[in-house]
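Read through the structure below, which is laid out as structure tokens, and then see the notes.
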Amino acid sequence: MGSTSDLPVMQEAIDILKKFGVETEVDIVSAHRTPEKLFDYGKNAHSRGIGVIIAGAGGAAHLPGMIASLSPLPVIGVPVKSSNSIDGWDSILSILQMPGGVPVATVALNGAKNAGILAAQILGSADSEILDKVIAYKNGLKEKVIEGAKGLKK
């Protein structure tokens, strides 16, 4: 994430990944305040065994795109509505509007939980244990809807 102020939003990604048994690494990497760290992180994450990067940022939100420009890994961007934000649109558009050749999968504003689920799905395509947990999670969502519908019919 770009700063500690993003942690309350990004915590949802951390929590859901832990639920799926996915090891997480959490760090502050600012595209504007720590560019050297950004370059090192982006260029070397894959060689340290990381499989997917979730990058959350507010305001100008260059972190996900810059990481994607440096890394061969899939990057999921989480636009964060920050105190200096224009209702979050600046973050959304900064992450969403990437040039051809530098993709960033983008979730909804403050949608870190979905970023975590998407990361687990990507990792689950090559890891049956994670895939089984994602399947169970999605079945749980289905069951909640079915139970909710039953409650309406009483």
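Things worth noting here:
- In range of the label at S47: residues from the stretch 62-95 whose backbone nitrogen is under 19 Å from the point 7 Å along Cα→Cβ: 67-74
- Model label sites at L73 and L152, defined 7 Å from Cα along the beta-carbon direction, differ in position by 4.1 nm.
- Applying 1/(1 + (r/R0)^6) with r as the Cβ-Cβ distance of D87 and D15 and R0 = 22 angstrom yields a FRET efficiency of 0.30.
- Working note: 222 nm ellipticity from helices only, DSSP H runs with n ≥ 4, each -39,500 (n - 2.57), summed and divided by the residues of the chain, gives -16000 deg cm²/dmol to the nearest 500.
- Between the helical axis of 35-44 and the longest alpha-carbon principal axis of the chain there is an angle of about 60 degrees.
- Per-bin percent of Cα-Cα distances, the chain [5 Å]: 2, 10, 18, 21, 19, 12, 9, 5, 3, 1, 1, 0, 0
Since every read-out is calculated from the coordinates, none of them should be taken as a lab result. Since we're looking at a predicted model, the values are computed, not measured. Here the Cβ is made from the backbone with ideal geometry for all residues, glycine too, and neighbour counts use every protein chain on show.
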